[in-house]
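One structure is given here, and the rest of the page talks about it.
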């Protein structure tokens, strides 16, 4: 009897649960323990890295409609990457975090002004 295939969401959740349970960095081959061959694991990891490098979005469901809203522009995305860059000093990352918050507030105020009109 053939085992039911996992959905994409189930696969992603299992990867993140496995990563969360690891106390330190681990070789990609360890993902075989949760059913991912090396080629599939590599594909999933590249996809996850790509998605994590993209501007953030919000998915809003209203009744039977689903809307996708950008909550970061390219500038905010670039700042977020700098905040997470461990090659930068804490001071540089802190300054970037201040810039990120200021830019986010400016973007939200501009959006509120656009909605009120």
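The values are calculated or read from the model by the stated rules, or taken from the named source; none is laboratory data. Quick caveat, the model's predicted, so the values are computed rather than measured. As a convention, Cβ positions derive from the backbone with ideal geometry for all residues, glycine included, and neighbour counts pool all protein chains shown.
For the range 86-117, name all the residues that are part of a loop (DSSP other than H, G, I, E, B) and in contact with a helix residue (DSSP H, G or I) (Cβ under 9 Å, 6 or more places away or on another chain).
Those that are part of a loop (DSSP other than H, G, I, E, B) and in contact with a helix residue (DSSP H, G or I) (Cβ under 9 Å, 6 or more places away or on another chain): 86, 88.
Answer with yes or no whether residue 83 is touching a strand residue (DSSP E or B) at 6+ places or on another chain (Cβ under 6 Å), over 22 Å from residue 8 (Cβ atoms) and either touching a residue at least 12 places away in the same chain (Cβ under 8 Å) or assigned by TED's automatic domain parsing to the domain that holds residue 12 (or both).
Considered against the rule, which asks whether it is touching a strand residue (DSSP E or B) at 6+ places or on another chain (Cβ under 6 Å), over 22 Å from residue 8 (Cβ atoms) and either touching a residue at least 12 places away in the same chain (Cβ under 8 Å) or assigned by TED's automatic domain parsing to the domain that holds residue 12 (or both), residue 83 comes out as no.
Any residue at all in the range 18-29 that's part of a helix (DSSP H, G or I), in contact (Cβ under 8 Å) with a residue 24 or more places away in the chain and touching a helix residue (DSSP H, G or I) at 6+ places or on another chain (Cβ under 8 Å)?
Within the range 18-29 (the criterion being part of a helix (DSSP H, G or I), in contact (Cβ under 8 Å) with a residue 24 or more places away in the chain and touching a helix residue (DSSP H, G or I) at 6+ places or on another chain (Cβ under 8 Å)), the answer is no, since none of the residues qualifies.
Being in contact with a helix residue (DSSP H, G or I) (Cβ under 9 Å, 6 or more places away or on another chain) and either more than 26 Å from residue 100 (Cα to Cα) or part of a helix (DSSP H, G or I) (or both), is that true of even one residue in the range 53-68?
Looking for residues that are in contact with a helix residue (DSSP H, G or I) (Cβ under 9 Å, 6 or more places away or on another chain) and either more than 26 Å from residue 100 (Cα to Cα) or part of a helix (DSSP H, G or I) (or both), one finds none in the range 53-68, hence no.
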